[in-house]
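Here the structure comes first, spelled out in structure tokens, and everything after it is commentary.
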Amino acid sequence: ATMLEVNGLNHRYGSGESEHVAVRDLTFTVETGQLACIVGPSGCGKSTLLRCISGLIRPSDGEVRLHGDEVDGVPEDLAVVFQDYSRSLFPWLSVRQNVEFPLRWKKLSRAERRERAVEALEWVGLPGVGNKYPWQLSGGMQQRVSIARALARRPALLLMDEPFASVDAQTRFELEDLLRTVQVKHGSTILLVTHDIDESVYLGDRVLVLSKSPASIVADLPVELPAE
Ligand code: ADP
Ligand code: ADP
């Protein structure tokens, strides 16, 4: 089944003299269970595309559909992980409270919220840090918590905007493997944006290559993994 449909998406910032085309004629779909990577140079329009998909901005033209419904506002069953983990966690809440926080808007009991948070922290390899505060953790661990917080919501689609760009290389390898494992185990549908070609090929079932600004698709490649 198709999870995400992007049809004829165009986005311009400003108008008249100062008009700037950030995204041009993007059309693609992401199937349920796929880990699709979008790769393109800095400034080509990747974040703009993600903002359109997540309903944070309304595209100038075209449409975005999430399991068939047009995106209009921020969809409840979509979660986003950003590059800048240091600004994404609440410093006054414990790790567990951070992961539970977005679950308040779901019809879940206190016990169910707690259970989901504990489980998501296990998925990302951080059991037992629930009572710590974000500032007591390393950068890589904070990004794991951000990922746990997104996964705890069990989103239909997980969007990731350069999620590993701010961590050291060793941590990045660990987090990439973790993401792969989580995706295979839970059948999550993930759209990940990166400027790193190696990362996109390593992680993706599929790699969409964007041109330099304004973003348009220049290649859509299936990634065939060699048999183990
Ligand atoms: P990327 O995520 O690939 O680095 P962005 O989507 O952030 O690219 O930016 C694409 C282009 O749009 C860039 O040229 C950038 O300067 C411009 N841009 C991004 N956000 C805005 C904005 N709010 N207003 C005007 N121009 C913007
Ligand atoms: P092994 O020899 O154990 O099969 P590699 O030496 O290929 O593994 O890689 C070691 C680690 O580096 C792996 O755990 C993997 O996460 C990471 N890695 C390998 N290739 C890439 C790549 N192109 N991009 C990102 N991470 C990679």
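Some observations on this one:
- Only listed residue being out of contact with any Leu (no Cβ under 9 Å at 6 or more places or on another chain) and among the hydroxyl-bearing types (Ser, Thr, Tyr), chosen from 47, 54: 47
- A single member of 152, 156, 148, 215 is closer than 22 Å to residue 51 by Cα and in contact with a Lys or Arg (Cβ under 6 Å, 6 or more places away or on another chain), and it is 152.
- Tally, over segment 1-21, of residues that are surrounded by fewer than 16 Cβ atoms within 10 Å (Cβ to Cβ) and closer than 24 Å to residue 185 by Cβ: 2
- Being touching a helix residue (DSSP H, G or I) at 6+ places or on another chain (Cβ under 7 Å), closer than 30 Å to residue 105 by Cα and modelled with pLDDT of 95 or more is a condition met by at least one residue of segment 177-190.
- Top-ranked residue in segment 44-67 [being on the phi > 0 side of the Ramachandran plot and within 18 Å of the chain's Cα centre (by Cα); ranked as nearest to ligand 1 (Cβ to nearest atom)]: 45
- Scanning segment 175-193 for residues that are away from ligand 1 (no atom under 16 Å from the Cβ) and among the β-branched types (Val, Ile, Thr) yields 181, 182, 184, 189, 190.
- Pair list, Cβ < 6 Å and 6+ apart or interchain, from segment 101-124 residues that are without any contact (Cβ under 8 Å) to a residue 60 or more places away in the chain and more than 21 Å from residue 185 (Cβ to Cβ) to residues that are open to solvent by less than 60 Å² (accessible area, probe 1.4 Å) and outside any helix (DSSP H, G or I): 102/153
- Filtering segment 104-114 to residues that are closer than 24 Å to residue 183 by Cβ, surrounded by 14 or more Cβ atoms within 10 Å (Cβ to Cβ) and modelled with pLDDT of 95 or more leaves only 113.
- Within segment 72-82, considering residues that are open to solvent by 30 Å² or more (accessible area, probe 1.4 Å) and in contact with a helix residue (DSSP H, G or I) (Cβ under 9 Å, 6 or more places away or on another chain), the one farthest from residue 53 (Cα to Cα): 82
- Scanning segment 162-221 for residues that are open to solvent by 50 Å² or more (accessible area, probe 1.4 Å), of a type in the set (Val, Ile, Thr) and in a helix (DSSP H, G or I) yields a count of 4.
- Within segment 135-146, the set of residues being open to solvent by less than 10 Å² (accessible area, probe 1.4 Å) and at pLDDT 95 or above comprises 145, 146.
- Summed over segment 22-67, residues that are open to solvent by 20 Å² or more (accessible area, probe 1.4 Å), out of contact with any His (no Cβ under 8 Å at 6 or more places or on another chain), of a type outside the set (Val, Ile, Thr) and touching a residue at least 60 places away in the same chain (Cβ under 8 Å) total 9.
The values are calculated or read from the model by the stated rules, or taken from the named source; none is laboratory data. Predicted model, so just to flag it, every value in this text is computed and none were measured. Don't worry about glycine lacking a Cβ; one is built from the backbone with ideal geometry, like all the others, and counts go over all protein chains shown. SASA here: full protein model, heavy atoms, side chains in, ligands and nucleic acids out. Shrake-Rupley method; radii C 1.70, N 1.55, O 1.52, S 1.80 Å.
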